[in-house]
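Visitor: Mind looking over this structure? Questions follow.
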Amino acid sequence: MSIDQTLPGSLAPEDKANLQAAAGAPEAIVAPPGGTGGPVLWMRKNLFGSLRDSIITVLLGAVLLYVGWGFFKWAVIGATWTAQTADACRANAGGACWAYLVEKAPFMLYGTYPFEERWRPTIVSLLIIAMLVSSCDRRMWNWRLAAMWVVGFAVSWILMFGGVFGLPYVETGLWGGLPVTLILSVVALAAAFPMAILLALGRRSNMPAIKALCVGFIELIRGVPLISLLIMASVMLPLFLPEGVTIDKFLRALVAFSLFAAAYLAEVIRGGLQAIPKGQYEAADALGLSYRLKTQMIILPQALRLVIPPLVNTFIGFFKDTSLVYIIGIYDLLTAGESAVKDPAWRGFANETYLFLAAVYFIFCFSMSRYSQYLERDLNKSHRR
Amino acid sequence: MLSKTIIAAAAATLTAFVAGQAMAGAKLDAIKARGEILCGVSTGLAGFSIADSQGKWTGIDVDVCRAVAAALFGDGNKVKFVPLSAQQRFTALQSGEVDVLSRNTTYTQQRDTALGLNFTGVTYYDGQGFMVAKKTNVKSAKELGGATVCVQPGTTTELNLADWGRANKVAFKPVVIEKLEEIEQAFFSGRCDAYTTDASGLAATRASKAPKPDDYMLLPEIISKEPLGPAVQHGDDQWADLIRWTFNALVEAEEYGITAAKVEEMKKSDNPGIKRLLGVTPGLGKNLGVSEEWAANAIKAVGNYGEMYERNVGKGSPLKLDRGLNALWNAGGIMYSPPVR
């Protein structure tokens, strides 16, 4: 090898580009040589890399195909799409009965809400979903957000209860289905979040009384299962009240949920507070900021950003936990579904029911999860390499 | 000043407590003042209390409350249904969240006494039975020795099965499965030789889940008594009377052949019993503290007992239950109303 061959001028153009790429020149991103990309190569490398891999791939593929084909046969080929009564579906035992969902899905979504008034919970559900979606837009994160929620809640309240503007009054005992699940989770979380921030701050406070109060509350609520709190609220509480005084069952459940969520969220937020380096506190003190300003301007914005993944995790878990109101006879989405399965006219289509309910829950939980990933990326730009 | 406030508050609490006890007899007045009945039902039980596709409550337990509302207010819709889980049902009654529990509750001594309930009668006689496939050629539960029997855990059903097996020296092999869907699946796929639960439940399962309902039969043995009926709190005697006699009036109406459609026509009847029942001869309504039209309104709202039965669980419903024990006393059953007079 002669000296001049090692000089840059004598290199082939693609080698030059590679050298530049290695040196970190940004414009020199080079496509891989032919035959090193694409799905075929990926499969060869990852699925059929060795004899053992190939066997596992073929076996799993066969199982997947078998199960998938079975499901496809049940859900599409053999399914009954339209039927006036359940008998048509029962005659066709090997397939799904989607006619059942056509008949019963509205009931699962609205529960026992009066039939003629079902447009009201429809609007409320859409309104809540719309508010949730627009809250996701960071440009809305100012006074407009609060105003929107206040107005939205007021409108939802009027629509759900009625009793004004010629709308017939509908008490909470008749509410059911999706709006109940949405109201329970959204209102309880909205009430719990500020409470949780105060509890988390209180737990780290230097004032012993406040600290003891917050620790006591959090540990007490966190130390019992949600279901026992719900039973306390729905079964025990009425016994302590004087006879004739009853607090609305739905409200009692809502309060129990808020307390429970507050305790859990408080611990999540505390995790964020602990992750803030001491220097941040000291710097804020050195600037002469009051406790309030320090918390509001320096600590919380950083701490909350850090805990987005666990926060969303708690939200998702909580959204699904609302189905526990089954135990106290509130008609949420799941209770309405279970009731639909038992209707004698359409009895016994449990698979269809639970698939439908799972789909509804999945759509909500998956959207929350995707949004949190986006938010994390967006807020943590400064931390990314 | 402060101590005065505390004393006043304590006195008010005490008064409220005492008043609460004294007022218990005036439950009926409280309901009248409210203008609607609070009726505790189950969150969903086919034929007894279940919301249909339009969210409207239907079933025998529901109709009992509608009948009482019609007797009291002249309008069967003046009732608010409160769905209750099994855990909350008794406290809901004790705390006054509901006025009456009409929630397929078995009438037992312990509930009538220690739990402080007053059952107002039996609206449905149920009992635990067995279902087998006809091809097994089993004709009696006593032939089930060594057979596998599907049963749900944690209920009296499981205990009844064990008790009956011991008493009759039949050694079952219980297969315990929690979920209704799963237990039905297990029985029809042949995992168990027999399936035991309340006879109404067996018939409902056979009608809606069996691949061919005619391939399955209920065995003649009924191994437990499950009389279901509405209950109120101890002390609400007048209110209990109204429920008791409203239901009795529905049974009496079936005996007289008064149907919902024929109420007005039957008022012209010469039969003194019918005249008393329908308020043509006044007196019975006054005894109950309601309008003389009470029974006529109740029958118009839900029909007589036979109509109510056939519509919800009998021939007119998907459950297709026979009348069995629930037939009138003069038609082979034990449904019997004391004289409404």
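The values are calculated or read from the model by the stated rules, or taken from the named source; none is laboratory data. Here the structure is a predicted model, which means the values were calculated and not measured. Counting neighbours? That spans all protein chains shown, and the Cβs are built from the backbone with ideal geometry, glycine included. Ligands, DNA and RNA are excluded from the accessible area calculation, which covers all protein heavy atoms including side chains. Shrake-Rupley method; radii C 1.70, N 1.55, O 1.52, S 1.80 Å.
Visitor: Give me the Kirkwood hydrodynamic radius of chain A, using the inverse of the mean 1/r over all pairs of distinct Cα atoms, in Å to one decimal.
Guide: 26.1
Visitor: Calculate the mean, over all residues of peptide B:46-58, of how many other protein chain Cβ atoms lie within 10 angstrom of the residue's Cβ.
Guide: For this peptide, the per-residue mean of nearby foreign Cβ atoms is 6.
Visitor: Then there's this: Sorted by packing (mean other beta-carbon atoms within 10 Å per residue), highest first, where do B:254-261, A:331-338, B:291-298 land?
Guide: A:331-338, B:291-298, B:254-261
Visitor: Here's a follow-up. How far, in nm, would the chain grow between A:L379 and A:R52 when pulled straight, counting 0.36 nm per residue and subtracting the alpha carbon separation?
Guide: 113.4 nm
Visitor: Shifting gears a bit: Antiparallel versus total DSSP beta bridges in the protein assembly as shown: what percent is that, nearest 5?
Guide: Bridges in the protein assembly as shown that DSSP calls antiparallel: roughly 55 percent.
Visitor: To the nearest 10 square angstrom, how much accessible area does B:R89 have with a 1.4 angstrom probe?
Guide: 30
Visitor: Quick check for me: using +1 on Lys/Arg Cβ and -1 on Asp/Glu Cβ, what's the dipole size of chain A about its Cα centre, in debye to the nearest 20?
Guide: Approximately 700 debye in magnitude.
Visitor: Hey, another quick one. Among B:T281, A:I210, B:P230, whose Cα projects farthest towards the positive end of the dipole of the protein assembly as shown, with charges put on the beta-carbon of Lys, Arg (+1) and Asp, Glu (-1)?
Guide: A:I210
Visitor: Then there is this: Where nothing but the Cβ of Lys and Arg (+1) and of Asp and Glu (-1) is charged, how large is the charge dipole of the stretch B:64-174 around its Cα centre, in debye to the nearest 20?
Guide: Charge dipole, the stretch B:64-174, about its Cα centre: 500 debye, nearest 20.
Visitor: Report the paramagnetic label zone for B:A30: residues of the stretch B:89-114 whose backbone N is under 14 Å from a point 7 Å from Cα along the Cα-to-Cβ axis.
Guide: B:92-101, by backbone N distance to the label point.
Visitor: Where does each of B:S53, B:S189, A:S50 land when they are ordered by accessible area, with a 1.4 Å probe and the largest first?
Guide: B:S189, A:S50, B:S53
Visitor: Quick check: convex hull of the Cα atoms in the protein assembly as shown, volume per residue, rounded to a whole Å³?
Guide: Value for the protein assembly as shown: 271 Å³ per residue.
Visitor: Shape call for the stretch A:219-369 from the C-alpha gyration tensor, a ≥ b ≥ c root eigenvalues: rounded (a/c under 1.5), prolate (a/b greater than b/c) or oblate?
Guide: oblate
Visitor: Counting only DSSP beta bridges with both residues in the stretch B:128-224, what percent are antiparallel, rounded to the nearest 5?
Guide: Of all bridge pairs located within the stretch B:128-224, approximately 55 percent are antiparallel.
Visitor: How much accessible area does A:L127 have with a 1.4 Å probe, in Å² rounded to the nearest 10?
Guide: Its heavy atoms expose roughly 50 Å² to the probe.
Visitor: FRET efficiency for B:T108 and B:S291, Cβ-Cβ distance as r, R0 = 35 Å, nearest 0.05?
Guide: 0.55
Visitor: Moving to a separate point now. Counting protein heavy atoms only and a 1.4 angstrom probe, how many square angstrom of accessible surface do chains A and B bury in total, to the nearest 100?
Guide: In total, chains A and B hide about 2900 Å² from solvent.
Visitor: Now, a different point. Label-point separation (nm) for A:R139 and A:W42, each offset 7 Å from Cα along Cα-to-Cβ?
Guide: 3.4
Visitor: Another question, if that's okay. Whole-Hz ³J(HN,Hα) for each residue in the stretch B:193-201, computed from phi via Karplus 6.51 cos²θ - 1.76 cosθ + 1.60 with θ = phi - 60°, x for glycine and proline: what do you get?
Guide: Along the stretch B:193-201, the couplings run 6, 9, 10, 10, 6, 4, 4, 5, x Hz.
Visitor: Beta carbons within 10 angstrom, averaged per residue: use that to sort the peptides B:96-103, B:275-282, highest first.
Guide: Sorting B:96-103, B:275-282 by mean packing, highest first, produces B:96-103, B:275-282.
Visitor: Which whole-number percent gives the relative contact order of the stretch B:128-224, counting Cα pairs below 8 Å spaced six or more residues apart?
Guide: 48
Visitor: May I pose another question? Rg/Rh for the stretch B:275-326: what does it come to with C-alpha atoms and Rh from Kirkwood?
Guide: Dividing the radius of gyration by the Kirkwood radius yields 1.17.
Visitor: Using a 10 Å cut-off on Cβ to Cβ distances, tally the other chain neighbours for every residue of A:110-122 and report the average as a whole number.
Guide: 2
Visitor: For B:T105, what residues show an amide H to amide H distance below 5 Å, using hydrogens built from the backbone and excluding near sequence neighbours?
Guide: B:G229
Visitor: When only C-alpha pairs under 8 Å and at least 6 residues apart count, what is the relative contact order of chain A, in percent?
Guide: Relative contact order here is 17 percent.
Visitor: For chain B, give me the percentage of DSSP beta bridges that are antiparallel, rounded to the nearest 5 percent.
Guide: For chain B, the DSSP antiparallel bridge percentage is about 55.
Visitor: Which whole-Hz ³J(HN,Hα) couplings does the stretch A:131-140 yield from phi under the Karplus relation 6.51 cos²θ - 1.76 cosθ + 1.60, θ = phi - 60°, glycine and proline marked x?
Guide: 5, 4, 5, 6, 5, 6, 6, 5, 5, 8
Visitor: Let me ask something additional. Let me check against my output: what whole-number percent is the relative contact order of chain B, with C-alpha pairs under 8 Å and at least 6 apart?
Guide: Across chain B, relative contact order equals 21 percent.
Visitor: B:L284: net charge of surrounding residues, Cβ under 10 Å, Lys/Arg +1, Asp/Glu -1, itself excluded?
Guide: Neighbourhood net charge equals +2.
Visitor: Kindly give the semi-axes, whole Å and largest first, of the ellipsoid equivalent to the stretch B:128-224, taking each as the square root of 5 times a Cα gyration tensor eigenvalue.
Guide: In descending order, the three semi-axes are 18, 15, 12 Å.
Visitor: Around A:I328, what is the net charge, scoring Lys/Arg as +1 and Asp/Glu as -1 over all other residues with Cβ under 9 Å from its Cβ?
Guide: Surrounding charge for A:I328 is +2.
Visitor: How many percent of the alpha carbon pairs in the stretch A:297-385 exceed a separation of 18 Å?
Guide: Tail of the P(r) past 18 Å holds 59 percent of the pairs.
Visitor: Something else: Based on Cβ point charges of +1 for Lys and Arg and -1 for Asp and Glu, what charge dipole magnitude is obtained for the stretch B:128-224 about its Cα centre, in debye rounded to the nearest 20?
Guide: Magnitude of the dipole: close to 320 debye.
Visitor: In terms of the ratio Rg/(2.2 N^0.38 Å) built on C-alpha atoms, what value belongs to the stretch A:195-291?
Guide: 1.42
Visitor: Also, quick follow-up: Can you list residues from other chains, or at least 5 along the same chain, whose modelled amide H is less than 5 Å from the amide H of B:T148?
Guide: B:K173, B:D193, B:A194
Visitor: What Cys residues in the protein assembly as shown are without a partner cysteine, judged by a Cβ distance under 4.7 Å?
Guide: Among the cysteines of the protein assembly as shown, those whose Cβ sits 4.7 Å or more from every other are A:C136, A:C214, A:C365.
Visitor: Which net charge results when you count Lys and Arg as +1 and Asp and Glu as -1 among the other residues whose beta-carbon is under 9 Å from that of B:G306?
Guide: Local net charge: -2.
Visitor: Right, something else. Given labels modelled 7 Å from the Cα in the Cβ direction, how far is it in nm from B:Q238 to A:E219?
Guide: It is 5.4 nm.
Visitor: Would you tell me the mean number of C-beta atoms belonging to other protein chains that fall within 10 Å of each C-beta in A:224-236, as a whole number?
Guide: Mean shielding count: 2.
Visitor: Also: When every alpha-carbon pair in the stretch B:58-139 is counted, what percent end up more than 16 Å apart?
Guide: Roughly 63 percent, rounded to a whole number.
Visitor: Heads up, I need the accessible area for B:F81: 1.4 angstrom probe, whole protein in place, Å², nearest 10.
Guide: Accessible area of B:F81: about 20 Å².
Visitor: Towards the positive end of the charge dipole of the protein assembly as shown, with charges on Cβ (+1 Lys, Arg; -1 Asp, Glu), say which of A:L220, B:V149, B:V170 has the farthest Cα.
Guide: Of the options given, the answer is A:L220.
Visitor: If each of A:F366 and A:N92 carries a label point 7 Å out from its Cα toward its Cβ, how far apart are those two points in nm?
Guide: 2.6
Visitor: From the residues A:L311, A:I55, A:L251, which one has its Cα farthest along the dipole of chain A in the positive direction, the dipole being from +1 and -1 charges on Cβ of Lys/Arg and Asp/Glu about the Cα centre?
Guide: Final value for the positive-end residue is A:L311.
Visitor: Using alpha carbons only, how many angstrom separate the centre of the stretch A:39-73 from the centre of the stretch B:148-170?
Guide: 48
Visitor: Based on the mean of other beta carbon atoms within 10 Å per residue, what is the order of A:305-311, A:286-292, B:246-252, B:58-64, most packed first?
Guide: Ranked from most to least packed, the peptides come out as B:58-64, B:246-252, A:305-311, A:286-292.
Visitor: Let's test the formula: R0 of 22 Å, r as the Cβ-Cβ distance of A:F71 and A:V102. What FRET efficiency results, to the nearest 0.05?
Guide: Result of the calculation: an efficiency of 0.65.
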